[in-house]
Structures are given as C-alpha cells and as structure tokens.
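K.L.:
Starting off with a structure, shown below.
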Amino acid sequence: MKSVTILALVAAAAAALASGQITVKNSSYSTVAYIDDDGTVKNSSYSTLGYIDAETGTVKNSSYSTLGYVDGDTVKNSSYSTIGYYGDGTFKNASYSTLGYMEGGVIKNSSYSTELYYDGDLRPGRIEAFMVAYYFFFYRNFLD
C-alpha cells in the first residue's frame, strides 16, 4: 500500500513539473507573458507568440518560422548571424555592449533599473534557458 501511495505522489509531482509555467511581469508587476514547460510563449491574453526548444536552442514564431537560436552563450538570428551573447548573468549585444543582467528572478537593464520579473516551477535549468531566448527574441526583439 505504501509503495503505491509513494508512486502516486512521485507521478503527481512529475506531472506538476511537466505542466509548469514561467510568468513574466514588467516593472509595474503587470503580467506580460507566460512560457509553458514545453517552450510555448504566450502573451498576457494567452495568444501564442512563439516557441522555444530548450534542447536545441531553436526559437520560432507563432507560424513556426525560425527566428533564431541560442547556441551556448551565443544568440544568433535565423541566418546564423550573431545578435547577442549571454553569460554569467549578463546580456550583451553583438558588439559586446552590456544590455542588462539576469539574477534571482529579475532582469535589469544596463543602468540596473528593473525591466522584468519572472518566476516559475519548471525543471532546473529551463527557466534560465527560456528567459534568455525570451529576452532576445520576444522582449527586446533583436530581429527588427
């Protein structure tokens, strides 16, 4: 009986993690986006903006056209041109100028003013990967 109960608890915990979500809020604490554990990016009205594949680093728009890639610490557009970098909590553009910082659920600009808050209940490592892709492709939109 105990093993069935423990197994059920483990299954429930795994299901909760698999259905997790990141909530992204602006500096006024208004929700601006959600990122599901499968990488689906939605605006505050739950309309799909795009998709992030955490395993491959590929970022796509809502029509499944590739916007770019997060390849290690380098961020590239769909033509494989470098558009930015992320490492040690710092966002940089292609010229290595600092754009902002990410730490402890907060993204700040280069002047240290808060731009975004985020929190979620995803598997370890996924929040950072998703937020780097969100920052470059959906928030700052380096493709324009």
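K.L.:
Look through 101, 69, 85, 117 and report the one residue that is within 18 Å of residue 23 (Cβ to Cβ), touching a residue at least 12 places away in the same chain (Cβ under 8 Å), part of a strand (DSSP E or B) and not charged (D, E, K, R).
P.N.:
Values: 101 fails: within 18 Å of residue 23 (Cβ to Cβ); 69 fails: within 18 Å of residue 23 (Cβ to Cβ); 85 fails: within 18 Å of residue 23 (Cβ to Cβ).
The unique qualifying residue is 117.
K.L.:
Within region 53-69, which residues are surrounded by 10 or more Cβ atoms within 10 Å (Cβ to Cβ) and over 14 Å from residue 128 (Cα atoms)? Give the steps one after another, and end with the answer.
P.N.:
First pass over region 53-69, keeping only residues surrounded by 10 or more Cβ atoms within 10 Å (Cβ to Cβ): 53-54, 56-62, 66-69.
Matches in region 53-69: 56, 58, 59, 60, 61, 62, 66, 67, 68, 69.
Quick grid of which residues meet (1) within 25 Å of residue 38 (Cα to Cα); (2) out of contact with any Lys or Arg (no Cβ under 7 Å at 6 or more places or on another chain); (3) of a type in the set (D, E, K, R):
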residue	(1), (2), (3)
80	yes, yes, no
83	yes, no, no
94	no, yes, no
100	no, no, no
109	no, yes, no
112	no, yes, no
126	yes, yes, yes
135	yes, yes, no
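K.L.:
What residue, of 30, 47, is within 16 Å of residue 117 (Cα to Cα), modelled with pLDDT of 95 or more and either surrounded by fewer than 18 Cβ atoms within 10 Å (Cβ to Cβ) or not charged (D, E, K, R) (or both)? Let's see the steps before the verdict.
P.N.:
Numbers: 47 fails: within 16 Å of residue 117 (Cα to Cα).
None of the other options fit; the residue is 30.
K.L.:
If I filter region 127-142 for residues that are surrounded by fewer than 15 Cβ atoms within 10 Å (Cβ to Cβ), under 17 Å from residue 44 (Cβ atoms), of a type outside the set (A, V, I, L, M, F, W, C) and free of Cβ contacts under 8 Å to residues at least 40 places away in the same chain, do I get at least one hit?
P.N.:
yes
K.L.:
So, residue 122, is that one in contact with a strand residue (DSSP E or B) (Cβ under 9 Å, 6 or more places away or on another chain), in a loop (DSSP other than H, G, I, E, B) and of a type in the set (A, V, I, L, M) or not? Break it down into steps so the answer makes sense when it comes.
P.N.:
On the way: in contact with a strand residue (DSSP E or B) (Cβ under 9 Å, 6 or more places away or on another chain): yes; in a loop (DSSP other than H, G, I, E, B): yes; of a type in the set (A, V, I, L, M): yes.
Spelling it out, residue 122 is indeed in contact with a strand residue (DSSP E or B) (Cβ under 9 Å, 6 or more places away or on another chain), in a loop (DSSP other than H, G, I, E, B) and of a type in the set (A, V, I, L, M).
K.L.:
Restricting to region 89-123, and then to whatever is over 15 Å from the mean Cα position of the chain (by Cα) and among the hydrophobic types (A, V, I, L, M, F, W, C), can you tell me which residue is surrounded by the most Cβ atoms within 10 Å (Cβ to Cβ)?
P.N.:
That would be 99.
K.L.:
Is there any pair with a first residue in region 37-55 that is over 18 Å from residue 122 (Cα atoms) and a second that is assigned to a loop (DSSP other than H, G, I, E, B) and among the hydrophobic types (A, V, I, L, M, F, W, C) whose Cβ atoms are under 8 Å apart and which are 6 or more apart or on different chains, and what are they?
P.N.:
Matching pairs, first to second residue: none at all.
K.L.:
Residue 92 versus (1) at pLDDT 95 or above; (2) out of contact with any Leu (no Cβ under 7 Å at 6 or more places or on another chain); (3) farther than 25 Å from residue 21 by Cβ; (4) charged (D, E, K, R): which is the lone unmet condition?
P.N.:
With respect to (1) at pLDDT 95 or above; (2) out of contact with any Leu (no Cβ under 7 Å at 6 or more places or on another chain); (3) farther than 25 Å from residue 21 by Cβ; (4) charged (D, E, K, R), residue 92 is out only on (2).
The values are calculated or read from the model by the stated rules, or taken from the named source; none is laboratory data. Note that this is a predicted model, so its numbers are computed, not measured. Because the Cβ atoms are built from the backbone with ideal geometry, glycine has one as well, and the counts that use them run over all protein chains shown.
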